[in-house]
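To start, the structure itself, in structure tokens.
The values are calculated or read from the model by the stated rules, or taken from the named source; none is laboratory data. Every value quoted in this text rests on a predicted model; they were computed, and no experiment measured them. Cβ sites come from the backbone with ideal geometry, for glycine too, and all protein chains shown count toward neighbours. Heavy atoms of the whole protein, side chains included, go into the accessibility calculation; ligands, DNA and RNA do not. Shrake-Rupley method; radii C 1.70, N 1.55, O 1.52, S 1.80 Å.
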Amino acid sequence: MKKLIYMDHAATTPLKKEVLDEMLPYMKDKFGNPSSIYSLGGQSKNAVEIAREKVANAINAKPREIFFTGGGSEADNWAIKGVAYANRNRGNHIITSKIEHHAVLHTCEYLEKQGFDVTYLDVDEYGLIDLEQLERSITDKTILISIMFANNEIGTIQPIKEIGRIAKEKGVYFHTDAVQAIGHIKIDVDELNIDLLTMAAHKFYGPKGIGALYIRQGVKIDPLISGGGQERNRRAGTENVPGIVGMGKAIELAYENFEEKNRRLTYLRNRLIEKIFEKIDYVRLNGHPTQRLPGNVNVCFEFIEGESLLLSLDMAGIAGSSGSACTSGSLEPSHVLLAIGLPHEIAHGSLRLTLGDSNTEEEIDYVVEKLVGIVARLREMSPLYEKVKEVK
Amino acid sequence: MYSEKVMDHFLNPRNVGEIEDADGIGQVGNPRCGDIMKMYLKIENGVIVDAKFKTFGCGSAIASSSMATELIKGKTIEEAMEVTNKAVAEALDGLPPIKMHCSVLAEQAIKSALLDYSKKNNVYIKGLEDFDPTEDVH
Ligand SMILES: Cc1ncc(COP(=O)(O)O)c(C=O)c1O
Ligand code: FES
């Protein structure tokens with residue numbers, strides 16, 4: 001089989017060699033527990049604190065505001081449940097959006113069962129929330145606004161600065177799930193008035209199972225995981241030292257030569273979108289045309305279904321993903337595609353290709369060439385395409 | 001995820017297309033995931049001499065349609081009525097549990113096309129009395 005063309009970087013990314021190299025010693029020789037008194041433990045403790053500094057620097061936070069977690073889902077759960085429980089005396093209302101990751105949505109649904117009220121903001125056809133609806137939704141019971149920085153499916157980037165300003169004016173905490181944004185967008189938590197921010201290392205060429213929650217100093221939040229006194233009594237459990245070291249290195253690398261990488265990725269993304277539209281008809285771009293993640297392409301091909309598209313791409317050595325009902329365990333189309341107003345049958349033909357460091361211009365052209373054939377073949381098989389051909 | 005047989009029938013589906021002067025045409029939809037399968041039959045003296053399909057659906061739906069047409073070609077109507085979704089799935093060396101409904105769609109498509117034939121030609125087909133092609137297949 002030929003070389004894999006990996007275009008699913010929003011799902012996860014490969015570990016960078018430089019990152020692995022920094023991690024390896026902490027898996028073997030430098031295995032000490034950071035809480036231990038002897039120098040082997042101290043070595044690990046130092047490594048954790050250096051990584052914390054790197055993560056803090058990347059978002060203009062203080063190291064003491066960074067708390068390592070077991071990934072993005074844990075950080076989302078913690079931010080929302082932790083703030084909800086700690087501020088119950090102030091109110092029971094949370095505002096989020098309909099297109100959040102399930103780590104946020106299912107957490108909010110859980111809290112609803114515990115007596116909290118949750119407002120799920122609509123989004124427009126591009127996936128953007130309405131700032132006026134946000135302002136109108138805030139009541140004196142509102143304790144938290146949780147809106148994702150950038151969407152994992154359609155790549156739409158929310159007006160985070162405006163949301164932060166509104167939250168600050170109204171005295172409501174603002175959490176943002178920045179799992180897809182960190183490493184791909186420059187983020188300054190002070191400038192954007194962010195109180196809590198979720199990140200996950202495996203989306204920026206770091207290891208899996210490690211993430212962090214930024215918690216602005218002074219934010220009232222309960223721990224999610226009780227136990228030992230690690231992470232300044234806020235997140236118990238012996239630290240994942242190799243993971244933390246890897247996350248620190250990965251975030252540092254992500255913001256090195258940032259502008260250049262960003263420009264390259266945006267160019268490749270636009271080329272892929274343009275070529276698809278040039279060569280294939282009955283296509284729709286999902287998400288915002290410009291306010292979108294540099295590596296995100298999400299399109300719907302009418303009259304065909306996403307799983308059969310993914311299988312065909314896989315046979316051509318191309319890895320992508322889809323929001324089609326047939327690819328989900330629940331047989332429901334993606335909630336994000338439904339929220340931007342797509343009917344089921346259009347959501348059916350969705351394809352997400354998310355680009356990263358490894359992708360080249362040649363790969364883009366190869367993928368488009370393959371797509372043309374695959375889409376044509378599947379359309380020939382589709383009973384829905386007949387009618388269109390008749391009209392044509 | 002899929003057996004080699006499924007992949008083979010997905011990548012090289014047998015009998016894709018339409019039959020211009022079909023004797024029976026059936027279209028069924030999966031109300032759950034939204035897929036559509038259309039089946040065309042050519043029937044002579046109670047024997048299915050040709051079968052073709054078009055499918056808007058997942059890999060397993062396409063493979064099931066392909067296999068279903070293979071299984072009924074050359075068979076009598078009575079024999080075709082015996083082709084269940086299980087038979088289709090087994091002939092494909094199995095389907096993942098979540099994909100079993102795609103083979104149900106294939107069984108429904110055959111029956112729906114036979115029902116169309118029976119109505120057009122006023123022939124009675126045993127077993128179709130209670131068949132409702134719009135029924136939820138889950
Ligand atoms: C936007 C968003 N939030 C949260 C998560 C969950 O992160 P993790 O898989 O690290 O728990 C993901 C990753 O799938 C994501 O894309
Ligand atoms: S037809 Fe939709 S899952 Fe198979």
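Provide a whole-number value for the mean count of partner chain Cβ atoms within 10 Å of the Cβ atoms in peptide A:375-381. The mean count of partner-chain Cβ atoms within 10 Å per residue comes to 3. Mind giving me the FRET efficiency for residue A:291 and residue A:57? R0 is 30 Å, r the Cβ-Cβ distance, nearest 0.05 is fine. That gives a FRET efficiency of 0.70. Peptides A:196-205, A:268-277 ordered by packing proxy, namely the average of other Cβ atoms within 10 Å per residue, highest first: A:196-205, A:268-277. Think of region A:8-160 as a dipole: +1 on every Lys or Arg Cβ, -1 on every Asp or Glu Cβ, centred on the Cα centre; then among A:129, A:150, A:114, A:114 lies furthest on the positive end. Using the rule -39500 (n - 2.57) for each DSSP H run of four or more residues, divided by the residues of chain A, the 222 nm mean residue ellipticity is -12500 deg cm²/dmol. Cys residues of chain B that find no other Cys beta carbon under 4.7 Å: B:33, B:102. A 24 angstrom limit on the alpha carbon distance is what I want to check against. Which of A:208/A:275; A:62/A:249; A:275/B:5 exceed it? From the list (A:208/A:275; A:62/A:249; A:275/B:5), the Cα-Cα distance tops 24 Å for A:208/A:275; A:275/B:5. Looking at the protein assembly as shown alone, DSSP beta bridges between its own residues are antiparallel in about 65 percent of cases. Charge dipole of the protein assembly as shown (Cα centre as origin; +1 on each Lys and Arg Cβ, -1 on each Asp and Glu Cβ, all else neutral): 1560 debye, rounded to the nearest 20. Over the C-alpha atoms of region A:1-135, the Rg to Rh ratio, Rh being the Kirkwood estimate, stands at 1.08.
Carbon and sulfur: what percent of region A:132-254's accessible surface (1.4 Å probe)? Answer for region A:132-254 is 46 percent, counting heavy atoms of protein chains only.
Subtracting the Cα-Cα distance of residue A:226 and residue A:162 from 0.36 nm times their residue separation leaves 19.6 nm of extension gain. With a Förster radius of 41 Å applied to the beta-carbon distance between residue B:86 and residue A:113, the computed FRET efficiency rounds to 0.55.
If a/c stays under 1.5 just call it rounded; otherwise compare a/b with b/c (prolate if a/b is bigger, oblate if not). Do that for region A:91-176, with a ≥ b ≥ c from the square roots of the Cα gyration tensor eigenvalues. Here region A:91-176 falls in the oblate category.
Looking at region B:6-138, the DSSP beta bridges with both ends there are about 95 percent antiparallel. Modelled spin-label separation between residue A:98 and residue A:362, with each label point placed 7 Å from Cα along the Cα-to-Cβ direction: 4.5 nm.
Each peptide among A:28-35, B:52-59, A:143-150, B:8-15 gets the average number of other Cβ atoms lying within 10 Å of its residues, and from highest to lowest they stand as B:52-59, A:143-150, B:8-15, A:28-35. For the chain pair B and A, the buried solvent-accessible surface (1.4 Å probe, both sides summed) amounts to about 2100 Å².
Average accessible surface for region B:71-138: 52 Å² per residue, computed with a 1.4 Å probe over protein heavy atoms with every protein chain in place.
Approximating the spin labels as points 7 Å out from Cα along Cα→Cβ, the residue A:380-to-residue A:262 distance works out to 4.5 nm.
What region A:289-386 shows is 29 Å² of accessible area per residue, with the surface traced by a 1.4 Å probe over protein heavy atoms.
How far, in degrees from 0 to 90, does helix A:258-279 lean away from the longest principal axis of the Cα atoms of chain A, to the nearest 10? Tilt relative to chain A: about 20 degrees. In region B:64-120, the convex hull through the Cα atoms has an average projected area of 3.6 nm², a quarter of its surface area. The coefficient of translational diffusion for region A:123-235, derived via Stokes-Einstein from the alpha carbon Kirkwood radius under 37 °C and 0.692 mPa s, stands at 215 µm²/s. Taken per residue, the accessible surface of region A:17-254 reaches 40 Å², heavy atoms only and a 1.4 Å probe. Accessible-area loss of 20 Å² or more (1.4 Å probe, protein heavy atoms, chain alone versus all protein chains) is found in region A:292-322 for A:305, A:307, A:308, A:311, A:315. Within the accessible area of region B:4-119, the carbon and sulfur atoms contribute 47%, probe 1.4 Å, all protein chains present.
For residue A:16, the aspartates and glutamates whose Cα falls under 15 Å of its own Cα, not counting residues fewer than eight places away in the same chain, are A:252, A:256, A:357.
Relative protection proxy for A:16-25, A:330-339, from highest mean packing down: A:330-339, A:16-25 (other beta-carbon atoms within 10 angstrom).
Counting only other chain Cβ atoms within 10 Å of each residue's Cβ, the peptide B:60-66 averages 3. Per residue, the convex hull spanned by the alpha carbons of region A:158-307 comes to 161 Å³. No disulfide-compatible partner, judged by a Cβ distance under 4.7 Å, exists for the following cysteines of chain A: A:108, A:300.
Divided by 2.2 N^0.38 Å, where N counts the residues, the Cα radius of gyration of region A:17-254 comes to 1.01.
Size descriptors for the protein assembly as shown (Cα atoms only): Rg and Dmax, in that order, 26.9, 91 Å. The mean count of C-beta atoms from other chains within 10 Å of the C-beta of residues in B:34-45, rounded to a whole number, is 3. The C-alpha atoms of chain A define a longest principal axis, and helix A:306-315 lies at about 90 degrees to it. Taken along its principal axes, the alpha carbon cloud of chain B reaches lengths of 43, 28, 24 Å, longest axis first.
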